[in-house]
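Asks: The structure's right below; bear with me while I get my questions together.
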Amino acid sequence: MKSSRRLLLAAGAGFLPLRAGWAASLATTPSQTEGPFYPTSLPADMDNDLVQVRGQAAQAMGTVLHLQGRVLDLSGRPIDGAIVEIWQSDAQGIYDHPRQPGRERRDQAFQGYGRLVAKSDGAYSFRTLKPVAYPGRTPHIHLKVASSDGRRLTSQFYIAGHPSNESDGIFRGAARDPRQRALIEMRLAPAPGLEPGALATTMDIVVA
Ligand SMILES: [Fe+2]
C-alpha cells in the first residue's frame, strides 16, 4: 500500500503543473520524539561548548564534534534569534538524568546539554561529542528549536551510514523521505584546522 501510494504521488507530480515557488521550498527537518532524557534541571553551565564545563580543568571523554549550520524557514530564509538546544549522552552512553541507570558513573566533565541563540544569518554552532550508541538506540544528538514567532521543532541527528541506523525505529521513521533523511544524517569530516582529532559537520535545520 505504501509503495502504491508513492507511485501514485510520483505519477501525479508528472501531470500536475508546478505551482510557482514550489520548487524553491525546502523539506523540513523531520519532527522526532523528545525521548525520556531531556534534562529535568538545566546545568549551571549551558553554553554551546559541551566538551568543557566552566570551572573544570578536565575535558569530556570522547571524540570532539563541531556541529554547525543555520536555522532556516521553508523558503531558505534564516530564522533570526531562534533558540537552539541540544542534549546527548556522554561517551559511555550515559545521560545526566534521574531516569538514567548508572547516572553516578557519568562523565562529570561532559556538559550533556547546551543552548544558544542563532545569529541574524541563522547560524548556530556547538562544540560537542560524536554521539555513541546506547542499549536500544543508534548514536544520535537530540535537538529542539524555538523561534520568537512561535515555530517549534524537536528532532534528532544521526551519523550518516552508521550500521545501527536502519535497525533504529525512530531513525527509520524520520528517514522515509530522502530529503528529510538528508536533514538528519550528519556527514562527519576530520577538522584538524578547528582542533586536532576533532570532527565537524554542517547541518541546516529547516523549521516550518
Ligand atoms: Fe537519546
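Asks: Does residue 118 meet the test of being open to solvent by less than 30 Å² (accessible area, probe 1.4 Å), over 12 Å from residue 205 (Cβ atoms), away from the ligand (no atom under 16 Å from the Cβ) and modelled with pLDDT of 95 or more?
Replies: Working: open to solvent by less than 30 Å² (accessible area, probe 1.4 Å): yes; over 12 Å from residue 205 (Cβ atoms): no; away from the ligand (no atom under 16 Å from the Cβ): yes; modelled with pLDDT of 95 or more: yes.
No.
Residues checked against (1) surrounded by fewer than 22 Cβ atoms within 10 Å (Cβ to Cβ); (2) within 16 Å of the ligand (Cβ to nearest atom); (3) closer than 20 Å to residue 200 by Cα:
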site	(1), (2), (3)
110	no, yes, yes
147	yes, no, no
156	no, yes, yes
164	yes, yes, no
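Asks: For segment 50-80, name all the residues that are closer than 17 Å to residue 127 by Cβ and open to solvent by less than 20 Å² (accessible area, probe 1.4 Å).
Replies: Of everything in segment 50-80, those that are closer than 17 Å to residue 127 by Cβ and open to solvent by less than 20 Å² (accessible area, probe 1.4 Å) turn out to be 50, 51, 60, 64, 65, 67, 69.
Asks: Here's a follow-up. Pick from 173, 102, 161, 112: which is more than 16 Å from the chain's Cα centre (by Cα) and either of a type in the set (Gly, Ala, Ser) or over 18 Å from residue 62 (Cα atoms) (or both)? Spell out how you get there, then give the answer.
Replies: Values: 173 fails: more than 16 Å from the chain's Cα centre (by Cα); 161 fails: more than 16 Å from the chain's Cα centre (by Cα); 112 fails: more than 16 Å from the chain's Cα centre (by Cα).
Being more than 16 Å from the chain's Cα centre (by Cα) and either of a type in the set (Gly, Ala, Ser) or over 18 Å from residue 62 (Cα atoms) (or both) holds for just one of 173, 102, 161, 112, which is 102.
Asks: How many residues does segment 132-144 contain that are buried (at least 22 other Cβ atoms within 10 Å of the Cβ) and assigned to a strand (DSSP E or B)?
Replies: Within segment 132-144, residues that are buried (at least 22 other Cβ atoms within 10 Å of the Cβ) and assigned to a strand (DSSP E or B) number 4.
Asks: Something else now. For residue 105, all conditions in the list (1) of a type outside the set (A, V, I, L, M); (2) surrounded by fewer than 17 Cβ atoms within 10 Å (Cβ to Cβ); (3) within 14 Å of the ligand (Cβ to nearest atom) hold save one; what is the number of the exception?
Replies: Condition not satisfied by residue 105: (3).
Asks: Cβ-Cβ under 6 Å, sequence separation 6+ or interchain: first residue in segment 190-208 and under 13 Å from residue 76 (Cα atoms), partner open to solvent by 70 Å² or more (accessible area, probe 1.4 Å) and outside any loop (DSSP other than H, G, I, E, B). Which pairs?
Replies: 204/70
Asks: Among the candidates 108, 100, 68, which residue alone is out of contact with any Lys or Arg (no Cβ under 6 Å at 6 or more places or on another chain), closer than 23 Å to residue 190 by Cβ and among the polar types (S, T, N, Q)?
Replies: Details: 108 fails: closer than 23 Å to residue 190 by Cβ; 100 fails: closer than 23 Å to residue 190 by Cβ.
Among 108, 100, 68, only 68 is out of contact with any Lys or Arg (no Cβ under 6 Å at 6 or more places or on another chain), closer than 23 Å to residue 190 by Cβ and among the polar types (S, T, N, Q).
Asks: Taking residue 104 and the conditions (1) on the phi < 0 side of the Ramachandran plot; (2) assigned to a loop (DSSP other than H, G, I, E, B), which numbered condition does it fall short on, given that it satisfies the others?
Replies: (2)
Asks: Right, here's the next one. Could you tell me which numbered condition residue 103 fails, if it satisfies all but one of (1) closer than 25 Å to residue 208 by Cβ; (2) at pLDDT 95 or above?
Replies: (1)
Asks: Only residues that are of a type in the set (A, V, I, L, M), under 17 Å from residue 208 (Cβ atoms) and out of contact with any Pro (no Cβ under 8 Å at 6 or more places or on another chain): list them for segment 145-175, please. Steps first, please.
Replies: Applying the first criterion (of a type in the set (A, V, I, L, M)) to segment 145-175 yields 145-146, 153, 159-160, 170, 174-175.
Next, from what is left, pick out any that are under 17 Å from residue 208 (Cβ atoms): 145-146, 153, 174.
Answer for segment 145-175, where residues must be of a type in the set (A, V, I, L, M), under 17 Å from residue 208 (Cβ atoms) and out of contact with any Pro (no Cβ under 8 Å at 6 or more places or on another chain): 145, 146, 153.
Asks: Further question: Among the residues of segment 83-94, are any exposed (fewer than 15 other Cβ atoms within 10 Å of the Cβ), within 16 Å of the ligand (Cβ to nearest atom) and either hydrophobic (A, V, I, L, M, F, W, C) or modelled with pLDDT of 95 or more (or both)? If you could, list the steps in order and put the result at the bottom.
Replies: From segment 83-94, those exposed (fewer than 15 other Cβ atoms within 10 Å of the Cβ) are 92; that's our starting set.
Still in the list and also within 16 Å of the ligand (Cβ to nearest atom): 92.
Then keep just the ones that are either hydrophobic (A, V, I, L, M, F, W, C) or modelled with pLDDT of 95 or more (or both); that gives 92.
The answer is yes; a qualifying residue exists.
Asks: Still on this structure: May I ask you to say which residue of 67, 50 is farther than 25 Å from residue 101 by Cβ and modelled with pLDDT of 95 or more?
Replies: On the way: 50 fails: farther than 25 Å from residue 101 by Cβ.
One residue alone meets the criteria, 67.
The values are calculated or read from the model by the stated rules, or taken from the named source; none is laboratory data. Note that the structure is predicted; figures quoted are calculated from it, not measured. Quick reminder, even Gly has a Cβ in these numbers, built from the backbone with ideal geometry, and neighbours come from all protein chains shown. With ligands, DNA and RNA removed, areas are computed over all heavy atoms of the protein, side chains included. Shrake-Rupley method; radii C 1.70, N 1.55, O 1.52, S 1.80 Å.
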